[in-house]
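Okay, here's the structure, questions in a sec.
Just so you know, all these numbers are worked out from the coordinates, no wet-lab data involved. Every value quoted in this text rests on a predicted model; they were computed, and no experiment measured them. As a convention, Cβ positions derive from the backbone with ideal geometry for all residues, glycine included, and neighbour counts pool all protein chains shown.
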Amino acid sequence: MIKIAVMGFGTVGSGVVEVLAGNAEHIARNAGSGIEVKYILDTRDFPDSPYQHMLTHDFSDIENDAEVQVVVEAMGGVGAAYEFTRRCLAAGKSVVTSNKELVATRGQELLSIAQSKNVNYLFEASVGGGIPIIRPITQCLAANEITQIYGILNGTTNYILTQMIRNGSSFEDALRSAQSKGYAELNPAADIEGHDACRKICILSDLCFGKNVDPACVSTEGITGIHSEDVVLAGKGGYVIKLLGRALRREDGRIHAYVAPHLLSESSLLAGVDGVMNGIVVNGNALGEAMFYGAGAGKFPTASAVVADVIDAAKHLNARKPLGWDEAEEDYVAPTEELVSRWYIRAQATEAELKALYGDVTVLEGAAEGECAVITAPISGKLQQEKAEKLTVFAAMRIMD
Ligand code: HSE
């Protein structure tokens, strides 16, 4: 029997304990041994929970118990979660997490502690909720040079946008509904302002391109500036608006990595990724294109990925799985302004004014009186900004081609 501890008994932590209990027999068969939760660490008590007897408020119970070989960190944040993860790894325990903020900001350091102690630090649930994406990148697609990875990485914002696009819901109602379903982060600003997607694209970029990307270097725009006029105009032109995280390698070895709302053609694969679902597209030089699709948030989808990592850690107790990335040069992430795209522009202008400024454009029908909406030819972000400064622009979003 392999003994584990679960730190944090919130949505993810309780989901992990319930999946381990509910699927115990199947999990034991896959792990080659039963998996037993010995401790649950939380500052709170749960007197009505059938798992209250496993509860401890004292981290040292876990740290000092040599019987505990795998620890699930489901606390979130980078304070105590960082400290406890570091100490568990240093004590020779493998750690499994869904904490994208911690992996994105301290992953390189934690992986190197894991390496020095010959244990594993695994984080399949940190990106895409229940979708297998970390293992496919590091194992199944390991033969490929990856040129680009992008996708819908945040379930809450995708749920909100879908409610706005398909049902005409208000932003506030859709956010409240996402929170009540347990999709949103404790502080929803992390979702709606794009920081959660930013952390996830950093982790994907670290793994795909092999160098550390600091979330602070990644241009990040959320969905708070999206107006219903743009949703409607985009729809009339055959597009949907989706929040994408995107990382691509340039010929000079640097990368672009950013998060922003984009217009996607209704016929593209990601355009059909609705609600809390996530979709991630990977371009590899041998594979071509592949898309990974599934539930990107929620208690049991996330627990599914965490428990899979627990099983993997249990199967590799004395065999570390090579996983990690290198330090990057200071200018590794190139300015997003240099990236060329077609753009959706809605401005206080006439068609003739926009044509004079942007040249060859496609006009989208249905803009309000005194406004015009167009799709431009491909231009860099810098050129787009220079042109936009000459107008009153209400919306400017890249087209994902
Ligand atoms: N708040 C996150 C989301 C949870 O909505 O995608 C899963 O990472």
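Would you mind checking which residues have amide H under 5 Å from Thr56's amide H? H placed 1.01 Å from N; only 5 or more apart, or other chain.
Ile40, Leu41, Asp42
Here is a further query. Would you mind telling me the antiparallel percentage of the DSSP bridges in the chain, rounded to 5?
Of the beta bridges lying entirely in the chain, close to 65 percent run antiparallel.
So what's the gap between the Cα centers of the stretch 365-398 and the stretch 15-57, to the nearest angstrom?
Each part's Cα centre sits 53 Å from the other's.
Kindly provide log₁₀ I(q)/I(0) values, in the same order as q = 0.06 Å⁻¹, from the Debye equation applied to equal alpha-carbon scatterers of the chain.
-0.26
Check the straight Cα-Cα distances from Lys242 and name the lysines below 17 Å, setting aside those fewer than 8 residues away within the same chain.
Within reach: Lys200.
Using alpha-carbon positions, what is the distance between the centroids of the stretch 275-303 and the stretch 107-160, in Å?
11
Modelling each spin label as a point 7 Å along the Cα-to-Cβ direction, I'd like the Glu229/Glu36 distance in nm, to one decimal.
Going from the Glu229 label point to the Glu36 one covers 6.5 nm.
Counting Lys +1, Arg +1, Asp -1, Glu -1, what net charge surrounds Leu233 among other residues with beta carbon under 10 Å of its beta carbon?
Spelling it out: positives minus negatives among the neighbours equals -2.
Now, a different point. Using Cα pairs under 8 angstrom and six or more residues apart, how large is the relative contact order of the stretch 111-186, in percent?
Reported as a whole number, the value is 17 percent.
Could you give each residue of the stretch 54-61 its phi-based ³J(HN,Hα) in whole Hz, using Karplus coefficients 6.51, -1.76, 1.60 with θ = phi - 60°, and x for Gly or Pro?
8, 6, 10, 9, 10, 4, 5, 4
In whole Hz and in residue order, list the ³J(HN,Hα) couplings for the stretch 159-168 that follow from phi through the Karplus curve 6.51 cos²θ - 1.76 cosθ + 1.60, θ = phi - 60°; x for Gly and Pro.
Here the 3J(HN,Hα) series is 4, 5, 4, 4, 4, 5, 6, 8, 10, x Hz.
In the stretch 103-120, whose amide N lies under 17 Å from the spot 7 Å out along Cα-to-Cβ of Arg320? List them in ranges.
Answer for the stretch 103-120: 107-120.
At what distance in nm do the modelled label points of Ala66 and Ala286 sit from each other, each positioned 7 Å from its Cα along Cα→Cβ?
Here the modelled spin labels are 4.3 nm apart.
Taking the alpha carbon gyration tensor of the stretch 1-90, what are the square roots of 5 times its eigenvalues, largest first, to the nearest whole Å?
They are 20, 16, 12 Å, listed from largest to smallest.
Over the chain, calculate the relative contact order: mean separation of alpha carbon pairs under 8 Å at least 6 apart, over the residue count, as a percent.
Across the chain, relative contact order equals 18 percent.
Continuing with this model, one more query. What is the distance in Å between the Cα centroid of the stretch 63-97 and that of the stretch 181-235?
A separation of 27 Å, based on Cα centres.
What lysines sit close enough to Lys387 to cross-link, taking a C-alpha to C-alpha distance under 17 Å and skipping anything fewer than 8 places away on the same chain?
Partners within reach: Lys355.
So, one more: What aspartates and glutamates could a cross-link reach from Lys382, if we take a straight Cα to Cα line under 17 Å and drop same-chain neighbours fewer than 8 places away?
Glu221, Glu337, Glu338
Counting only helical runs of four or more DSSP H residues, what would the 222 nm mean residue ellipticity of the chain come to if each run contributes -39,500 (n - 2.57) and the total is spread over all its residues?
It comes out at -10500 deg cm²/dmol, rounded to the nearest 500.
Continuing with the same structure: Would you please give the FRET efficiency between Asn167 and Thr362, computed as 1/(1 + (r/R0)^6) with r the Cβ-Cβ distance and R0 = 22 Å, to the nearest 0.05?
0.20
What are the ³J(HN,Hα) couplings of the stretch 287-295, residue after residue, when phi is run through the Karplus curve with 6.51, -1.76, 1.60 and θ = phi - 60°? Round to Hz, x for glycine and proline.
Once θ is set to phi - 60°, the couplings for the stretch 287-295 become 6, x, 10, 9, 10, 10, 9, x, 6 Hz.
Could you pull out the pairs from Lys38/Lys315; Lys100/Lys321; Lys117/Lys315; Lys38/Lys100 whose alpha carbons sit more than 22 Å apart here?
Lys38/Lys100
Starting from one equal scatterer on each C-alpha and no solvent at all, send me the Debye-based log10 I(q)/I(0) for the stretch 182-335 at q = 0.16, 0.20 Å⁻¹, two decimals.
With no solvent term, the Cα-only Debye profile gives -1.12, -1.48.
Taking 0.36 nm per residue of sequence separation and subtracting the Cα-Cα distance, how much length would be gained by fully extending the chain between Thr350 and Thr56, in nm to one decimal?
99.2 nm
Same structure, new question: Tally Lys and Arg at +1 and Asp and Glu at -1 over the other residues with C-beta under 14 Å from the C-beta of Asp173: what net charge comes out?
Local charge sum for Asp173: +2.
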